[in-house]
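Take a look at the structure below.
The values are calculated or read from the model by the stated rules, or taken from the named source; none is laboratory data. Quick caveat, the model's predicted, so the values are computed rather than measured. Quick reminder, even Gly has a Cβ in these numbers, built from the backbone with ideal geometry, and neighbours come from all protein chains shown.
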Amino acid sequence: MKSICFALGLSLLLGNSFLRAQETNEPATPSPAAADTEIQKIIQIGTTDNQVQVHLDYLTNRIGARLTGSEGMQAACEWARGRFEEMGLSNCRLEKWGEFPVGFERGPSSGVMLEPKPMKLEFGTNAWTAGTRGRVPGMAVMAPKTMKELESMRESLDGAYVLTPPRRRGRRGRREPPAGNEDGAKLPSIEETRQVREELMKCKIAGIVQSTSDERILTGGRYDISMDDLPTIPVINLLKTQWDEIRDLIEEGEKVELAFDIRNHFRRGPIPLSNVIAEIPGSEFPNEYVVVGGHIDSWDGATGATDNASGCATTLEAARILMAAGIQPKRTIRFMLWSGEEQGLLGSKAWVQQNPKQAQNISAVFVHDGGTNYVSGITCTAAMQPDFEQIFADVMQLDERTPFAISTIDTMRPRGGSDHVPFIAAGIPGFFWNQSGRATYRTTHHTQYDTFETVVPEYQKHSALVIAVGALGTANLDHLLPRDGIQN
Ligand SMILES: [Zn+2]
């Protein structure tokens with residue numbers, strides 16, 4: 001059954017050119033002219049039949065958020081593996097790299113101000129934090145600033161939502177105690193502020209309501225919690241304007257009543273965690289690799305569209321375009337969708353640690369994780385520049401609205417915030433595409449706004465095409481990319 005469906009799916013997907021090439025046993029190594037034709041095919045498919053948004057739609061709108069260790073992420077990994085298989089790639093698999101002690105699932109949540117006037121509340125909660133048991137009403141009170149104040153208001157804390165102000169960053173990034181000394185009173189020490197917070201979490205409060213610092217509701221969270229000591233008090237990040245309004249009402253002496261219904265759930269671990277891997281086998285150097293990828297996990301305050309469904313979609317589409325063009329690269333092109341990136345590049349770090357020998361056979365790692373702006377260039381060492389000049393020649397000025405440029409650095413260092421870093425740390429050329437365009441990554445990633453509509457379709461299409469060209473060109477070099485200038 002499997003092979004019939006596979007062949008049928010493949011011919012539908014690729015048209016007949018790929019299958020014909022297989023039947024007639026065309027030479028495995030492309031001549032320069034053939035290579036040129038391959039690039040033209042990639043460009044043609046990439047510009048006239050680009051399906052990058054189809055992948056993005058499914059990942060964000062059908063699967064949704066993909067927090068590491070959640071059912072959403074597992075579904076995304078299995079779906080991506082299935083897509084690679086349907087495209088006809090080889091060795092499509094989930095490769096386990098580790099476990100989390102506790103799984104976290106986010107359900108729907110809602111919040112309102114009931115008194116003194118109805119208002120729908122906009123808020124978020126971090127991953128791996130407590131929800132409510134159904135809809136829980138409670139009076140809103142301002143947080144005590146000192147232990148003495150806490151003692152004097154203990155009774156009013158019972159079942160209350162406690163408003164804590166945003167923490168201010170002091171000089172050298174140190175956290176300062178909350179503001180609020182307009183009356184000239186001495187601010188409580190950092191130690192006392194911490195003590196108050198700890199004591200509050202032991203009281204029978206309904207929840208902590210903290211203010212966001214601007215219009216963005218950021219989602220983060222710590223995964224290293226224990227099933228035996230789960231958080232029990234919801235910590236709510238309320239939109240700053242609404243937090244300010246509630247504070248003003250309380251300070252004016254109004255009775256403010258809120259109600260939250262937050263369906264956060266924990267799942268007993270260990271939760272197995274995997275990277276998704278699929279390959280187009282190399283014809284001459286099958287044990288040497290060019291890696292194309294991005295992370296498939298996301299924070300779960302929205303659907304992780306720019307961070308990083310956009311990079312997964314271009315990875316999938318680059319694979320599809322290359323297969324549809326019927327290419328036969330000299331080296332294996334390996335597609336990798338890592339997980340655990342948001343918790344500290346966990347999936348890529350683990351892969352490099354667990355595969356030290358194989359890692360040394362990687363020519364280059366191209367990571368797409370900078371949001372939805374178009375791939376506009378690559379930064380490499382001087383030793384790599386001639387290779388890249390040749391590889392990207394056909395896309396440099398393919399479209400005057402989306403030019404591509406190569407820039408050089410003296411030393412490639414394991415710095416930056418994505419999955420190329422563990423590879424550079426192992427001495428392997430790792431690249432984070434340069435990106436340009438009108439999108440502002442800062443206003444979407446990790447926020448409530450990171451949804452499908454923020455992604456720019458024409459940029460995505462172009463990026464997928466450029467990535468496909470870069471992958472093939474690097475795989476077809478007669479050498480691995482030079483390692484000179486990599487400081488690991
Ligand atoms: Zn990311």
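Scanning segment 13-56 for residues being aliphatic (A, V, I, L, M), modelled with pLDDT of 50 or more and under 36 Å from the mean Cα position of the chain (by Cα) gives a total of 8.
Please enumerate the residues belonging to segment 412-470 that are among the charged types (D, E, K, R), over 22 Å from Arg334 (Cα atoms) and either buried (at least 23 other Cβ atoms within 10 Å of the Cβ) or not assigned by TED's automatic domain parsing to the domain that holds Ala319 (or both). Within segment 412-470, just Asp450 meets the criteria.
Could we say that Ile424 is under 29 Å from Gly69 (Cβ atoms), in a loop (DSSP other than H, G, I, E, B), away from the ligand (no atom under 16 Å from the Cβ) and of a type in the set (A, V, I, L, M, F, W, C) here? It is false that Ile424 is under 29 Å from Gly69 (Cβ atoms), in a loop (DSSP other than H, G, I, E, B), away from the ligand (no atom under 16 Å from the Cβ) and of a type in the set (A, V, I, L, M, F, W, C).
Does segment 272-291 include one or more residues that are farther than 25 Å from Ala34 by Cβ, aromatic (Phe, Trp, Tyr) and crowded, with 23+ Cβ neighbours inside 10 Å?
Looking through segment 272-291, none of the residues is farther than 25 Å from Ala34 by Cβ, aromatic (Phe, Trp, Tyr) and crowded, with 23+ Cβ neighbours inside 10 Å.
Pairs meeting the criteria (first residue in segment 94-109 and touching a residue at least 40 places away in the same chain (Cβ under 8 Å), second residue of a type in the set (Lys, Arg) and surrounded by 16 or more Cβ atoms within 10 Å (Cβ to Cβ), beta carbons under 8 Å, at least 6 apart or on different chains) are Leu94/Arg81. Within segment 226-249, the set of residues being over 20 Å from Thr132 (Cβ atoms) and not aliphatic (A, V, I, L, M) comprises Ser226, Asp228, Lys240, Thr241, Asp244, Glu245, Arg247, Asp248.
Taking residues in segment 310-336 that are closer than 12 Å to Ser90 by Cβ, and partners anywhere that are within 16 Å of the ligand (Cβ to nearest atom) and not in a helix (DSSP H, G or I), the pairs with Cβ atoms closer than 7 Å and at least 6 places apart or on different chains are Ile333/Val292; Phe335/Val292; Phe335/Gly293. Restricting His445, His479 to residues that are part of a loop (DSSP other than H, G, I, E, B), within 16 Å of the ligand (Cβ to nearest atom) and not β-branched (Val, Ile, Thr) narrows the list to His445. Against the conditions (1) within 16 Å of the ligand (Cβ to nearest atom); (2) over 18 Å from the mean Cα position of the chain (by Cα); (3) acidic (Asp, Glu), Asp419 satisfies every one except (2). Given the structure, is Phe335 aromatic (Phe, Trp, Tyr) and under 13 Å from Ile428 (Cα atoms)? In short, no. In this entry, Leu398 is excluded by the filter for residues that are over 17 Å from the mean Cα position of the chain (by Cα) and surrounded by 24 or more Cβ atoms within 10 Å (Cβ to Cβ).
For segment 427-441, filtered to residues that are outside any strand (DSSP E or B) and within 16 Å of the ligand (Cβ to nearest atom), the residue that is nearest to Ala382 (Cα to Cα) is Trp433. Scanning segment 196-213 for residues that are over 18 Å from Arg133 (Cα atoms) and touching a Leu at 6+ places or on another chain (Cβ under 9 Å) turns up Val196, Glu199, Leu200, Gln210, Ser211, Thr212. May I ask you to verify whether Thr193 is over 30 Å from Asp387 (Cβ atoms), surrounded by 16 or more Cβ atoms within 10 Å (Cβ to Cβ) and away from the ligand (no atom under 16 Å from the Cβ)? For Thr193, the condition - over 30 Å from Asp387 (Cβ atoms), surrounded by 16 or more Cβ atoms within 10 Å (Cβ to Cβ) and away from the ligand (no atom under 16 Å from the Cβ) - is met.
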